[in-house]
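The values are calculated or read from the model by the stated rules, or taken from the named source; none is laboratory data. As the structure is a computational prediction, the values presented were derived from the model and not from experiment. Heads up, the Cβs are rebuilt from the backbone with ideal geometry, glycines too, and the neighbour counts pull from every protein chain shown. Only protein heavy atoms, including side chains, enter the accessible area calculation; ligands, DNA and RNA are left aside. Shrake-Rupley method; radii C 1.70, N 1.55, O 1.52, S 1.80 Å.
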Amino acid sequence: MIEIGSLLILGALVLGSALGVVVSANNVYCALFLIVNLFGLAITFLLLNAVFIAAAQVLIYAGAVVVLFLFVITLLSADADRISTDPHPWQRNVGLLLAGSLGAVLAYLLAGSIFFSNDGKGSPNLGIADAGKFDGSVEGFGRAIFGQFLFPFELTAFILLVGLIGAVVLNRQQGEEGNERW
Amino acid sequence: MVIGNPAFYLGLSAMLFAIGAGGVLIRRNPLVMFMCIELMLNGVNLAFLTFGKLWGSNDGQVFAFLVMTVAAAEAVVGLAIIIALFRPRQRVDVDEVDELKG
């Protein structure tokens, strides 16, 4: 009973903060709701034995990405008053309809397929397959990422380098007489 | 045993993705749209981790890690583009960017 209750609270936290990101009028509140959402998801990741991913979630997302968002929000004026009235009000209803249908289809396909595929015996339990081999430990994750997935891991370093250079190049300032000032 | 029921995590992931997609569709502030993209990526990460645990494999965690790295790079480049586009403008609104409109 406690288990179900705490899981429901966790799900409500994650989904409620996600809705907060979408509906908040103030951009700073959006970013703060995003932090709550990321912490809730980190707890969910812990329930799935993904300890390293949960820690990286808090460090990278809540620690770095959201702070970057907050910097940009303050740089580009945090007040929402400058948003004009919507020239296409019907787009909101169509968007809500599309998102609702997408959610229904995805929930049916993901959760429903798991629920109905197990020869009618209901939902399978997590961790029944090779429970001894997989424990979600950092060691197993490290062996996977530096063994089988070494090349994709090295590619991410290149992607981060490209992102770094791209951020500098996109925002270089134009000096006098069109000379680029770095 | 709800805590070991993958349908809970997968349903959560689907709803998170749908909320993020709805935010991208209805919001007009590019920064909030970007945050909604992060929501969608996190929903996908949750599905990856659930399936990884379901099949007893580390691959789900590796994929989630790669998604997080790419999301960080994407946030950096995207925010740089947003700053370059909207710093000279009065309003932070995606409808303002219509130079390519015919």
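Quick notes on this one:
- Residue A:39 vs. criteria part of a helix (DSSP H, G or I), open to solvent by 50 Å² or more (accessible area, probe 1.4 Å) and either touching a Lys or Arg at 6+ places or on another chain (Cβ under 9 Å) or over 30 Å from residue B:5 (Cβ atoms) (or both): no
- The stretch A:23-69, residues that are without any contact (Cβ under 8 Å) to a residue 60 or more places away in the chain, among the polar types (S, T, N, Q) and closer than 28 Å to residue A:142 by Cα: A:37, A:44, A:57
- Taken over the stretch A:47-77, the residue count meeting the criterion of being over 15 Å from residue A:32 (Cα atoms), open to solvent by 60 Å² or more (accessible area, probe 1.4 Å) and at the interface with another protein chain (Cβ under 9 Å from one of its Cβ atoms) is 2.
- Considering residues of the stretch B:23-60 that are within 30 Å of residue B:98 (Cα to Cα) and free of Cβ contacts under 8 Å to residues at least 12 places away in the same chain only, the residue surrounded by the fewest Cβ atoms within 10 Å (Cβ to Cβ): B:25
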